[in-house]
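What follows is a short report on a single structure.
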Amino acid sequence: MDAPDSDRISIWGELSGALGDLGTLVPLAAALITVNGLSATGVFFGLGVAYVLSGLFYRLPIPVQPLKAVAAIAIARGLPGTTVAAAGWWMGGLLLLFALVDLPRWLDRLFTRPVIRGIQLGLGMMLVQSGLMLVSRPQVVPGGEERVLHLASHTFPVGWLIAAAALPFLIYTLRHRRYVASLVLLAFGGLTALAIGGAGRILGEIRLGIAFPAPALPSVADLMSALIFLVLPQIPLTLGNAVFATVDTAQAYFGHQARRVTPRNLLTTMGISQLVAALFGGVPVCHGSGGLTAHYRLGARTGAAPLLMGILCLALALLVDGNALPFLALIPYPVLGILVAFVGVQHGLLVRDLRGWEGIGVALTTALLGFATGNLALGFGGGILLQQFLGLVRRVRARRAAARSLEGGP
């Protein structure tokens, strides 16, 4: 078990770790703002408040991320921003209700360690896939021009060359100066974006100025669409990855220091964060085990990391006149892809502590089914069913063995 040591905690490590989860946050936030029409001020204000709450309460690098199923479905369907924000009202109310009735206590026996490890492995595989997709994008930076190479009859995104150049920076800093890894990689990415990504032109669109988030109340139609299309698919994933898997990951990395990271507390902080984001038209947010690995593996050890990220998000919300996208253009997609793929590999490696063919089989079933369908909820549903079936087989065999023992007795 990794445990944080005082001599391994530094402000540079906290800053590096704080930025370690940008590979998930930036692409989703940029897409929701540009495709779905969410207010950049509302999006980053909600994220900032949630990160500050997380850092102050847990005092560990517990992450904040847009709800992945909500974001993916909303982007794919092109749902309006009002519908996306309406999902936050549903999720906030439901998660606080789940915390009030202590729903995790009733579900705890279903989320065994093999099932949780399968969720983590499946998420790791999906993160690696997402990283490769980011590297393969023809755009180098959000909002920039397409940059491709034409070789014979084939076209290759320039992103692959940038990723190939960025990877040695990550490997070297992880081996020699681990706690500045993401800082070095993002600095390289910023220079690359300015040089060939078109970020210089986009930076000319920066307008400094105060912008406050405006309260936004959803219509009945938005609430109904959000419930059907966004909330129902998201709930199983939130319980599996943002609650049970996050608790397990926090305990694996921090041991007793993660005593505040309980299912009930996670539901409560997520519920409050959802309602704040929804009130100002932002994206629904959650915690997540993959984000925790991102923060931890890139240097974060305390609540300072989420506080730093919260301050950054609040600055993007309030100080750039409602236009944060030019700043996101400084982070090339290939660099984000390298970060995401690295986190995916590290997160998947949590499965290494499983022993026995039954546990490994349940974990692999959960992971592969979730990865193949692109839906972790289906994955851990299959893992739970297999776990229960194997348990039933064991009980039947035990009863038969006991019956044979009684028959052969005096």
Practice prompt. Scan segment 167-192 residue by residue and report those that are over 20 Å from Ala18 (Cβ atoms) and either aliphatic (A, V, I, L, M) or in contact with a strand residue (DSSP E or B) (Cβ under 7 Å, 6 or more places away or on another chain) (or both).
Written response: Leu167, Ile171, Leu191
Fill in: Matching residues, segment 370-387, being touching a residue at least 60 places away in the same chain (Cβ under 8 Å) and part of a helix (DSSP H, G or I)
Gly370, Phe371, Leu376, Ala377, Gly379, Phe380, Gly381, Gly383, Ile384, Gln387
Worksheet item: Does segment 240-261 include one or more residues that are touching a residue at least 60 places away in the same chain (Cβ under 8 Å), on the phi > 0 side of the Ramachandran plot and out of contact with any Lys or Arg (no Cβ under 6 Å at 6 or more places or on another chain)?
Response: yes
Practice prompt. Go through (1) of a type outside the set (A, V, I, L, M); (2) surrounded by fewer than 22 Cβ atoms within 10 Å (Cβ to Cβ); (3) modelled with pLDDT of 90 or more; (4) touching a Ser or Thr at 6+ places or on another chain (Cβ under 6 Å) one by one and return the number of the condition Pro306 breaks.
Written response: (2)
Item to complete: Give just the number: which of (1) modelled with pLDDT of 90 or more; (2) within 18 Å of Ile272 (Cβ to Cβ); (3) assigned to a helix (DSSP H, G or I) does Leu60 not satisfy?
Response: (3)
Practice prompt. Go through the residues of segment 24-35 one by one and say whether even a single one is under 20 Å from Ile272 (Cβ atoms), of a type in the set (Ser, Thr, Tyr) and crowded, with 24+ Cβ neighbours inside 10 Å.
Written response: no
Worksheet item: If you scan segment 199-220, which residues turn out to be small (Gly, Ala, Ser), assigned to a loop (DSSP other than H, G, I, E, B) and farther than 30 Å from Val70 by Cβ?
Response: Gly204
Practice prompt. Within segment 200-214, track down each residue that is over 25 Å from Val141 (Cα atoms) and either without any contact (Cβ under 8 Å) to a residue 40 or more places away in the chain or within 26 Å of the chain's Cα centre (by Cα) (or both).
Written response: Pro213
Practice prompt. All but one of (1) surrounded by fewer than 17 Cβ atoms within 10 Å (Cβ to Cβ); (2) at pLDDT below 95; (3) not polar (S, T, N, Q) hold for Leu97, so report the exception by its number.
Written response: (2)
Worksheet entry | From the options Leu223, Leu230, residue that is under 20 Å from the mean Cα position of the chain (by Cα) and assigned to a helix (DSSP H, G or I) | Leu230
Item to complete: Among the residues of segment 219-241, write down those that are β-branched (Val, Ile, Thr) and surrounded by 19 or more Cβ atoms within 10 Å (Cβ to Cβ).
Response: Val231, Thr238
Worksheet item: Within segment 153-173, can one find any residue that is over 18 Å from Phe342 (Cβ atoms), among the β-branched types (Val, Ile, Thr) and assigned to a strand (DSSP E or B)?
Response: yes
Worksheet item: Is it the case that some residue within segment 117-132 is within 19 Å of the chain's Cα centre (by Cα) and either over 15 Å from Val343 (Cα atoms) or outside any helix (DSSP H, G or I) (or both)?
Response: yes
Worksheet item: Which of the following residues is touching a residue at least 24 places away in the same chain (Cβ under 8 Å), in contact with a Gly (Cβ under 6 Å, 6 or more places away or on another chain), farther than 23 Å from Asp222 by Cα and surrounded by fewer than 24 Cβ atoms within 10 Å (Cβ to Cβ): Arg59, Arg113?
Response: Arg59
Worksheet item: Mind checking which residues of segment 233-290 are more than 16 Å from Ala87 (Cα to Cα), β-branched (Val, Ile, Thr) and part of a helix (DSSP H, G or I)?
Response: Val243, Thr246, Val247, Thr249, Thr268, Thr269
Discussion item. With the requirement that a residue be part of a helix (DSSP H, G or I), touching a helix residue (DSSP H, G or I) at 6+ places or on another chain (Cβ under 9 Å) and surrounded by fewer than 24 Cβ atoms within 10 Å (Cβ to Cβ), what does segment 353-369 give you?
Written reply: Asp353, Glu358, Gly359, Ile360, Gly361, Leu364, Thr365, Leu368, Leu369
Discussion item. Condition first: within 24 Å of Ile9 (Cα to Cα), among the aromatic types (Phe, Trp, Tyr) and surrounded by 14 or more Cβ atoms within 10 Å (Cβ to Cβ). Now tell me which residues in segment 148-187 satisfy that.
Written reply: Phe169, Tyr179
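Just one of Gly93, Gly46, Gly42, Gly37 is under 19 Å from Pro218 (Cα atoms) and in a loop (DSSP other than H, G, I, E, B); which is it?
Gly37
Okay, residues lined up against (1) out of contact with any His (no Cβ under 6 Å at 6 or more places or on another chain); (2) surrounded by 23 or more Cβ atoms within 10 Å (Cβ to Cβ); (3) among the charged types (D, E, K, R); (4) modelled with pLDDT under 95:
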{"site": "Glu205", "(1), (2), (3), (4)": "yes, no, yes, yes"}
{"site": "Leu208", "(1), (2), (3), (4)": "yes, no, no, yes"}
{"site": "Leu217", "(1), (2), (3), (4)": "yes, no, no, yes"}
{"site": "Ala245", "(1), (2), (3), (4)": "yes, yes, no, yes"}
{"site": "Ala252", "(1), (2), (3), (4)": "yes, no, no, yes"}
{"site": "Thr262", "(1), (2), (3), (4)": "yes, no, no, no"}
{"site": "Ser273", "(1), (2), (3), (4)": "yes, yes, no, no"}
{"site": "Gly291", "(1), (2), (3), (4)": "yes, yes, no, yes"}
{"site": "Leu298", "(1), (2), (3), (4)": "yes, yes, no, yes"}
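The values are calculated or read from the model by the stated rules, or taken from the named source; none is laboratory data. Given the structure is predicted, the values throughout are model-derived calculations rather than measurements. Reconstructed Cβ throughout: ideal geometry from the backbone, glycine too, with neighbour counts over all protein chains shown.
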